[in-house]
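Read through the structure below, which is laid out as structure tokens, and then see the notes.
Each reported figure results from applying straightforward, stated rules to the coordinates on display, with no laboratory input. All figures in this text were calculated on a predicted structure; none of them were measured in a lab. All Cβ positions, glycine included, derive from the backbone under ideal geometry; neighbour counts span all protein chains shown.
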Amino acid sequence: MKKIEYLIAKIAGKFALQGTKLGKGMGKSFPGYLFLKIASFNGLKLLAKNPKCGSIILTGTNGKTTTTKILIRLMKNEYKIAANYESNTINAITTGLLNDNVDFGIFEYGIRDTIHGIPDKIQELVDPIGVVYTNISREHTQVGGVKNRFEDYLNAKSLLTKNMKKGIIISNGDNPYTTYITKNKEKESEKEGYTLKVNYFSSILNLETTDKKCPACSKNLRYHKYENDTLKYPNKNYHCDCGFFKPAPQVKLTEIEINADRWKFKVVGSPYNYFLKDKFSFDFTSDFPPIGLHNLNNGLTAITAYASFTSRPEKFEDNVKKIFSEIGKDILPPGRFEIFEIKKLDDTNQKNIKVKHVGLGQGDNGEALNVNMKFMKLIMKNNNLHFIYTSPDDFEEDIFDDHLKVIEEAKPLKVSVLPGRNSLKMGEKAYNIIKKMYDSEFHPIVDQNERINKIHEIILSSDMDYVIASGCGEEQKMWETIKEQLRKNL
Ligand SMILES: [Zn+2]
């Protein structure tokens with residue numbers, strides 16, 4: 001492309017960038033959109049050279065936004081960075097790259113399938129030196145009326161690193177699917193003599209469900225405990241007869257101490273570092289706000305990514321501790337699972353105030369609902385549980401299957417079912433299966449506001465000690481609104 005076109009595009013994009021600082025809404029993607037309109041993909045290729053060191057892209061099914069936000073805080077302490085999260089598109093990444101004089105670009109990128117995203121194109125154009133895979137699980141198996149097979153989804157995720165030959169991939173070793181993608185990539189890198197490395201992370205919590213099929217041969221994976229596993233949380237290792245197995249992680253979360261105010265955790269690692277071109281080791285304890293085990297996992301992911309790209313390994317421990325001590329509840333994106341303690345009045349004596357715990361928030365796929373329930377279990381002292389479940393959309397039977405496993409494991413005494421999205425039919429289907437197993441009720445409401453009020457009402461009127469409300473639903477509109485209503489009752 002001609003240089004002048006690129007310059008015009010950049011000026012237009014930057015002009016929009018200035019303008020959008022005043023307003024909200026399209027701010028995260030409009031400048032990039034404008035730039036791409038004028039300069040096209042070739043222009044983006046040039047623009048991607050803007051960050052001095054390079055760019056890091058984060059993808060996965062769950063935890064992208066929180067991981068990106070934590071990584072931004074860690075990297076900001078050391079570098080000048082341009083970042084974009086929550087918008088998830090090429091326009092948003094381009095908007096971030098319009099910032100001059102930065103060391104790193106850090107971008108969240110969501111991939112549903114190859115029809116709605118262009119992961120291989122993104123890799124080619126942005127040419128990242130780091131790709132982070134948080135986890136991969138079944139979600140949104142139907143997009144725009146078209147069935148999206150899990151194999152296609154997995155393939156789309158793998159395209160983001162398919163042609164990567166340098167840099168570091170940060171991969172979730174506890175998740176067989178991210179592991180599968182990166183193990184293949186590692187083999188290729190060794191064979192072809194690339195400089196590309198992989199840093200796996202793994203958590204003692206291991207929040208993954210253990211019913212997965214081997215991504216290499218489709219047989220059921222086999223799970224086993226670590227030999228010296230004395231902790232409360234069963235640590236699951238997976239392997240398959242075909243030879244696929246869990247890799248030895250470079251960074252591990254080895255201990256966790258749950259306290260009411262802050263959680264303490266220990267992290268031990270010896271990851272490959274991009275600048276050292278070698279490994280460095282650490283072993284230290286830090287702390288985290290009590291906002292869910294999956295978020296602690298997101299913290300571990302960000303720590304591994306930061307360890308891969310810090311230029312000051314000698315200061316790594318101090319920097320992580322400093323930034324983590326500053327992380328509060330505000331790191332949570334709206335709608336995410338939180339546990340509230342609300343008063344319940346004793347019927348006979350209004351003065352006798354008892355407390356019930358209400359866990360509430362998004363659980364759009366099996367993995368997400370599973371970690372929500374695991375978090376809930378941590379605080380439960382008895383099995384007096386009321387499950388308020390919001391079902392998926394039409395053609396998302398496989399998501400319901402995954403959800404049902406979580407409900408079965410939770411063993412609730414009562415289940416209230418509501419459609420979580422637009423499908424009354426799917427809600428009914430879910431209810432008809434659930435009612436055979438549990439004392440349950442169905443509220444056939446698809447109007448969003450009515451549904452919000454109903455869930456709020458069920459939560460308040462439930463006389464159980466523990467209430468969990470989770471499943472499918474709009475993060476911001478549905479879960480965050482109910483949370484706001486609940487906060488008024490605290
Ligand atoms: Zn296998």
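Give me the percent relative contact order of the stretch 338-488, please, defined on Cα pairs under 8 angstrom at least 6 residues apart.
Averaging sequence separation for qualifying contacts and normalising by length gives 31 percent for the stretch 338-488.
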- Could you grab the relative contact order for the chain? Cα pairs under 8 Å, six or more apart, rounded to a whole percent. 11
- Item | Listed residue (Leu460, Tyr431, Ile445) projecting farthest to the positive dipole end of the stretch 417-463, Cβ model | Tyr431
- Residue-normalised 222 nm signal for the chain, counting each DSSP H run of n ≥ 4 as -39,500 (n - 2.57), nearest 500 deg cm²/dmol, is -11500 deg cm²/dmol
- With a ≥ b ≥ c the root eigenvalues of the C-alpha gyration tensor of the stretch 424-490, is it rounded (a/c under 1.5), prolate (a/b larger than b/c) or oblate? oblate
- Message: With the alpha-carbon atoms as the only input, what is the per residue convex hull volume for the stretch 338-488 in Å³?
- Response: 101
- For the stretch 338-488, percent of DSSP beta bridges that are antiparallel (nearest 5) comes out at 30
- Query: Which angle between 0 and 90 degrees, to the nearest 10, do you get for helix 3-20 versus the longest principal axis of the chain when only C-alpha atoms count?
  - Reply: 30
- Query: For the Cα atoms of the chain, what angle does the longest principal axis make with the long axis of helix 366-379, in degrees from 0 to 90, nearest 10?
  - Reply: 60
- Task: Label the stretch 30-75 by shape, choosing from rounded, prolate and oblate, from the square roots a ≥ b ≥ c of the eigenvalues of the Cα gyration tensor; if a/c is under 1.5 it is rounded, and otherwise prolate applies when a/b is larger than b/c, oblate when it is not.
- Result: prolate
- Query: Between Lys405 and Lys76, how many nm apart are label points set 7 Å from Cα along the C-beta direction?
  - Reply: 3.7
- Query: Considering only DSSP beta bridges with both partners in the chain, what is the antiparallel share in %, to the nearest 5?
  - Reply: 40
- Message: Going by amide H atoms built from the backbone, whose H comes under 5 Å of the H on Val132, apart from near neighbours?
- Response: Ile57, Leu58, Thr59, Ile170
- Task: For the chain, build the charge dipole from Cβ charges (+1 Lys, Arg; -1 Asp, Glu) around the Cα centre, then report which of Tyr238, Leu221, Ile118 sits farthest towards its positive end.
- Result: Ile118
- Report the calculated FRET efficiency for Val268 and Lys121 (r = Cβ-Cβ distance, R0 = 35 Å), to the nearest 0.05. 0.40
- Query: In debye to the nearest 20, how big a dipole does the chain give about its Cα centre with +1 on each Lys and Arg Cβ and -1 on each Asp and Glu Cβ?
  - Reply: 1160
- Task: Add +1 for every Lys or Arg and -1 for every Asp or Glu among the other residues with Cβ under 13 Å from the Cβ of Asp330, and state the total.
- Result: +2
- Task: Can you grab the distance from the C-alpha centre of the stretch 354-408 to the C-alpha centre of the stretch 422-490, Å, no decimals?
- Result: 11
- Message: If you average the C-alpha positions of the stretch 293-348 and of the stretch 185-214 separately, how far apart do those two centres end up, in angstrom?
- Response: 23
- Task: Mind listing the long-range amide H neighbours of Arg421? Cut-off is under 5 Å, sequence gap 5 or more, other chains count too, H placed in the peptide plane at 1.01 Å from N.
- Result: Ser391
- Task: May I ask you to compute the full-extension gain from Lys279 to Thr254, defined as 0.36 nm times their residue separation minus their alpha-carbon distance, rounded to one decimal in nm?
- Result: 7.1 nm
- Message: Over the chain, what portion of Cα pair distances is larger than 45 Å, expressed as a whole percent?
- Response: 12
- Which ³J(HN,Hα) values, rounded to whole Hz and listed in residue order, are derived for the stretch 304-313 from phi using the Karplus coefficients 6.51, -1.76 and 1.60 in 6.51 cos²θ - 1.76 cosθ + 1.60 with θ = phi - 60°, glycine and proline given as x? 5, 5, 5, 4, 6, 10, 6, 9, 10, x
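Considering only DSSP beta bridges with both partners in the stretch 43-331, what is the antiparallel share in %, to the nearest 5?
In the stretch 43-331, approximately 50 percent of DSSP beta bridges are antiparallel ones.
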- Query: If the chain between Gln448 and Lys49 were fully stretched, how many nm would it gain, using 0.36 nm times the residue separation less the Cα-Cα distance?
  - Reply: 139.2 nm
- Size of electric dipole in the stretch 297-436: Cβ of Lys, Arg +1 and of Asp, Glu -1, about Cα centre, debye, nearest 20: 760
- Query: Taking the stretch 43-331 as the region of interest, what is the percent of Cα-Cα pairs per 10 angstrom bin, listed from the shortest bin to the one with the maximum distance?
  - Reply: 6, 29, 37, 22, 5, 0
- Query: Under the rule that a partner needs its Cβ under 4.7 Å from the first Cβ, which Cys of the chain have none?
  - Reply: Cys53, Cys472
- Query: Suppose every K and R has +1 on its Cβ and every D and E has -1 on its Cβ; what is the size of the dipole of the stretch 43-331 about the Cα centre, in Debye to the nearest 20?
  - Reply: 360
- Sorted by Cβ neighbour density within 10 Å, fewest at the top, the residues Glu208, Glu457: Glu457, Glu208
- Measure nothing but the geometry: give the 0 to 90° angle between the long axis through the Cα atoms of 448-461 and the longest principal axis through the Cα atoms of the chain, rounded to 10°. 50
- Note on the structure: Two pseudo-spin positions, 7 Å from Cα along C-beta at Lys436 and at Asp287, lie apart in nanometres by 5.0
- Mean projected area, convex hull of alpha-carbon positions in the stretch 385-466, reported to one decimal in nm², is 4.8
